[in-house]
Amino acid sequence: MTFKKSGITTIILILYFSFSTINMLKANDYTNNETNQIFNLFAHAGTLLKNKSSKAINDDIDSLLNQLQQTQAPYGLQAEIDLLIARLLYFQGKYEEARSLIAQVVDQYSIIMPDWLMLDYACAGKLNLPLDEKNNIALEMAKPIPWSAMGSHADIILFTREGIPLLMNNTISIELPTLLIGGWFDIAELYAKEKLIHSASEKYICAIYSLYALPLTIKSRYVQWSQVAILEKQQQHPRLAFLATLRAIIIRPEKLNEIKQVWQQEVPAIIKPAEQKISAKTAETIAAIYSRGKFYSLAIEVLLQSKMPNQELIRENRNKLLQQIQRIQKKWPTCYMSGQDISLFTDGDELHIPMPSETFWNEDTLYTSNQ
């Protein structure tokens, strides 16, 4: 009797798991079909955008726009479909239409990708809008990327509005933190070697947006976006991984099949403690790069993350940070540093330059609706 009950139970369990497996496969098939369709559309867009002019391919663009308008994106990333539509409208020279769509999306979400405002800024330039209006867009654009060249540009705008002459603006900008794409990329690689995947992904994002250009003209970001897609999958961040994959496809549509294979591969999750320590050598190497770019506060942060904090280097960077702020305060008391009024600082440790995960690159908050 016990054997019969056990046998029946086993059969029921087999049927249950078989049914569950079939349903799971169907769900995966649906997801794969859905994502493949979107990947194909983005690859087609990337190919069209490589043309020097939209005139010869206007019909193709209109057809693609029609398909995109009927496409639903997974992971709550419908805004990325809208962003591609806005890019295509810009490419067609329909700057007013693009700006109208941009305004709708910017009003709809509390946190967006910086690309939206960058595209708006480009449209404003094409429409020859007043300088003050373009500067207002630039200031908004700098908020999520204060560590970038756009952050420094925002400072120049603010200095000008404070009545500081252009020559003095340039002198002030020498004191501001500036790190080029190569520096951020090197830092990302170092973090990746230490298996600090969150920090690595974030610094790749810093590299992508460091010397920011109109998204349509970016040619050298494929490696970074591809790395970010893998790192975000390892962190179990499907939304950010999917977005990064779309960006990689736009840049290199000819690599579509390769990108699809990477997307479909199972990636083991890597969960690391937030306070994970790193080797002293890596910490000091990263700190040296930060220090060369005058990001003294970030240099201090990474040195404190070391397994063996170098107290001498910490003191050295803290002194440089205090001197940096004091020099600016002495000559320009109402000066801003990446949008922060430096006259309010009383201690160098108060200077905090937000990183991407604090401003926009966040699995839970990106494209959060205002409603």
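The values are calculated or read from the model by the stated rules, or taken from the named source; none is laboratory data. All values derive from a computational prediction rather than experimental measurement. Cβ sites come from the backbone with ideal geometry, for glycine too, and all protein chains shown count toward neighbours. Note: accessible area is taken over every heavy atom of the protein model, side chains too, but ligands, DNA and RNA are not part of it. Shrake-Rupley method; radii C 1.70, N 1.55, O 1.52, S 1.80 Å.
Numbers below:
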{"read-out": "Scope region 357-371; condition surrounded by 16 or more Cβ atoms within 10 Å (Cβ to Cβ) and of a type in the set (Gly, Ala, Ser); matching residues", "value": "357"}
{"read-out": "Test: residue 188 is within 21 Å of the chain's Cα centre (by Cα), in a helix (DSSP H, G or I) and farther than 19 Å from residue 360 by Cα", "value": "no"}
{"read-out": "Failed item in (1) of a type outside the set (Lys, Arg); (2) surrounded by 18 or more Cβ atoms within 10 Å (Cβ to Cβ); (3) part of a helix (DSSP H, G or I), with residue 323 passing the rest", "value": "(2)"}
{"read-out": "Checking residue 153 against (1) open to solvent by 60 Å² or more (accessible area, probe 1.4 Å); (2) over 20 Å from the mean Cα position of the chain (by Cα); (3) at negative phi; (4) not acidic (Asp, Glu), the condition it does not meet", "value": "(2)"}
{"read-out": "Pick from region 191-227, criterion among the aromatic types (Phe, Trp, Tyr) and either in a helix (DSSP H, G or I) or at pLDDT 90 or above (or both), ranking: surrounded by the fewest Cβ atoms within 10 Å (Cβ to Cβ)", "value": "222"}
{"read-out": "Filter pass, residue 239 being touching a Gly at 6+ places or on another chain (Cβ under 8 Å) and open to solvent by 50 Å² or more (accessible area, probe 1.4 Å)", "value": "no"}
{"read-out": "Test for residue 271: is it farther than 18 Å from residue 353 by Cβ, among the aliphatic types (A, V, I, L, M) and touching a Leu at 6+ places or on another chain (Cβ under 7 Å)", "value": "no"}
{"read-out": "Close pairs from region 353-371: first within 14 Å of residue 231 (Cβ to Cβ), partner among the hydrophobic types (A, V, I, L, M, F, W, C) and open to solvent by less than 50 Å² (accessible area, probe 1.4 Å), Cβ under 7 Å, at least 6 apart", "value": "356/205; 356/206; 361/205; 361/240; 363/240"}
{"read-out": "Residue identified as open to solvent by 50 Å² or more (accessible area, probe 1.4 Å), modelled with pLDDT of 95 or more and not charged (D, E, K, R) among 110, 100", "value": "100"}
{"read-out": "Any hit, region 328-340, residues being farther than 20 Å from residue 147 by Cα, part of a helix (DSSP H, G or I), open to solvent by 90 Å² or more (accessible area, probe 1.4 Å) and at pLDDT below 95", "value": "yes"}
{"read-out": "Helices (runs of 4 or more DSSP H) fully within region 246-310 counting 1 or more residues that are open to solvent by less than 50 Å² (accessible area, probe 1.4 Å) and without any contact (Cβ under 8 Å) to a residue 40 or more places away in the chain", "value": "280-292, 296-304"}
